[in-house]
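Worksheet for the structure shown next.
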Amino acid sequence: MKERVARYETILNASVEVTQNFHAALQEFARNLGEFEALKEYYGSSEYQDDLQLYRDGGLEGVACGVLSEDAVYDLVGEHYELYMRMLEVATAGLRKW
């Protein structure tokens, strides 16, 4: 019996920690959504094209320009999509067991 209670106490403590960490990460993710949407809009804008041309012409030396790469924003958008789908899957599985 002691082992069983100890086992479930360990599970409880780990689950509380994981839940708190996920809650904090989800809050941070939600707070960032506005900025992320602005980034997506920039990626498809004429400003992005202007900045890309300026970069190609050498006018952005000394400025970090990862945002102007072909893949950085595109890959992040894909990661967001995969994360949204995974959150739905996990939420659905959790709710089905409720």
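Give the carbon-plus-sulfur fraction of the accessible surface of the chain in %, rounded to a whole number; probe 1.4 Å, heavy atoms of protein chains only. Please report the intermediate quantities before stating the final value.
On the way: 4810 of 8350 Å².
Whole-percent figure for carbon plus sulfur exposure: 58.
With a 10 Å radius around each residue's Cβ, average the other Cβ atoms per peptide and rank 50-57, 17-24, highest first.
50-57, 17-24
Please state, as a whole number in µm²/s, the translational diffusion coefficient that the Stokes-Einstein equation yields for the chain at 10 °C and 1.306 mPa s, with Rh defined as the Kirkwood radius across alpha carbon pairs.
Numbers: Rh = 17.3 Å.
D, rounded to a whole number, is 92 µm²/s.
For the stretch 42-97, the alpha carbon positions stretch 57, 21, 12 Å along the principal axes, listed from largest to smallest. Averaging Cα coordinates gives a centre for the stretch 69-94 and one for the stretch 1-55; these two points are 11 Å apart.
Surface analysis of the stretch 1-56 yields an accessible area of 86 Å² per residue, using protein heavy atoms and a 1.4 Å probe.
The Cα trace of the stretch 1-50 gives Rg and Dmax of 21.1, 69 Å, the first to one decimal, the second as a whole number.
The values are calculated or read from the model by the stated rules, or taken from the named source; none is laboratory data. Remember, predicted model here, so these are calculated numbers, not experimental data. Don't worry about glycine lacking a Cβ; one is built from the backbone with ideal geometry, like all the others, and counts go over all protein chains shown. Heavy atoms of the whole protein, side chains included, go into the accessibility calculation; ligands, DNA and RNA do not. Shrake-Rupley method; radii C 1.70, N 1.55, O 1.52, S 1.80 Å.
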